[in-house]
1. Go through segment 78-189 and tell me which helices (runs of 4 or more DSSP H), entirely inside it, have 3 or more residues that are under 23 Å from THR232 (Cβ atoms) and open to solvent by less than 70 Å² (accessible area, probe 1.4 Å).
2. Mind listing just one residue for me: the one in segment 231-251 that is in a strand (DSSP E or B) and not charged (D, E, K, R) and, of those, most open to solvent (accessible area, probe 1.4 Å)?
3. Output the residue which, of all residues in segment 252-268 that are part of a strand (DSSP E or B), open to solvent by less than 60 Å² (accessible area, probe 1.4 Å) and not polar (S, T, N, Q), is farthest from SER71 (Cα to Cα).
4. Examine segment 41-63 for a residue that is more than 30 Å from GLU265 (Cβ to Cβ) and touching a Lys or Arg at 6+ places or on another chain (Cβ under 6 Å), and state whether such a residue exists.
5. Could you tell me which of the residues TRP211, TRP220 is buried (at least 17 other Cβ atoms within 10 Å of the Cβ), within 25 Å of GLY55 (Cβ to Cβ) and free of Cβ contacts under 8 Å to residues at least 40 places away in the same chain?
6. Could you tell me which numbered condition GLU213 fails, if it satisfies all but one of (1) part of a loop (DSSP other than H, G, I, E, B); (2) of a type in the set (Asp, Glu); (3) at pLDDT 95 or above?
Amino acid sequence: MRIKAGFTVSYDCPQPTPMLLCLSVHPSRQADLLTPQRLKFTPDVPAWDYVDGFGNVCTRIIAPVGRISVSAAFEINDSGRPDFIPTGATQHEINDLPDDTLVFLLGSRYCETDRLTNIAWDLFGTTPLGWPRVQAILDFVHQHIRFDYMQADRYRGAYGAYTERVGVCRDYTHLFIAFCRAMNIPARYCTGYLGDINNVPVPGPMDFSAWAEVYLGGHWYTADARNNVPRTGRILMAIGRDATDVALSTEFGPAVLAGFEVVTEEVK
């Protein structure tokens, strides 16, 4: 399957503003690119990349006074297969987990395990270990939260998603991750492109998506509490503990989002 994807994001800055951007395709998918994926800046500014501690490609710029637009357009090859459901994947004992997975058991800015651990054990403590427990958490979060794009709140964490029962894909993902970590299952936050390929189109503008990955049976597996069904055509951009680590942009000064457009579609 060939997928066309890209974005244009614009900011208004009243003063020169350093910015950190996490808008590139993840290194694990770069071999699938059919055309180059380069960030374009209007007006043109110096930009340089580095790889962060989670393996994501990040871009540094200093946005000038006024409006700056960041864009990219590319095509990528995809297997066309829906997400794999590892029904037999087993859960590791803590002592058997690889060292680099342990950070994904800890609480983080938006995944407050300290506030949700007792709730998690009350809800899921009697569920079977491994993927059946993950699926039980997916089912609960999917049913517990009502999706409402107009209720997006960048300050809401997993506990807020649990108590308010409303949110967007990042809220589903944060609550799912916090529950998994509370149940001793490493879980990490993912962001990227996810269009309506092989799915009923959702009305409204396209956006980037959030989902999770869980570590079971020696592998990381996709887990999407917002959709809770296998989806086709995910294009990973970044991985982290929660939305803080994979923010599309981090501004070190005043900046106002002035435009936002995302495209993801199959090339027929």
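The values are calculated or read from the model by the stated rules, or taken from the named source; none is laboratory data. In this text, all values refer to a predicted model and were calculated from it rather than measured experimentally. Because the Cβ atoms are built from the backbone with ideal geometry, glycine has one as well, and the counts that use them run over all protein chains shown. For accessibility, only protein heavy atoms count, side chains too; no ligands or nucleic acids. Shrake-Rupley method; radii C 1.70, N 1.55, O 1.52, S 1.80 Å.
1. 131-144, 169-182
2. Filtering first and then ranking leaves THR250.
3. GLU266
4. yes
5. After applying the criteria, what remains is TRP220.
6. Status for GLU213: all satisfied but (1).
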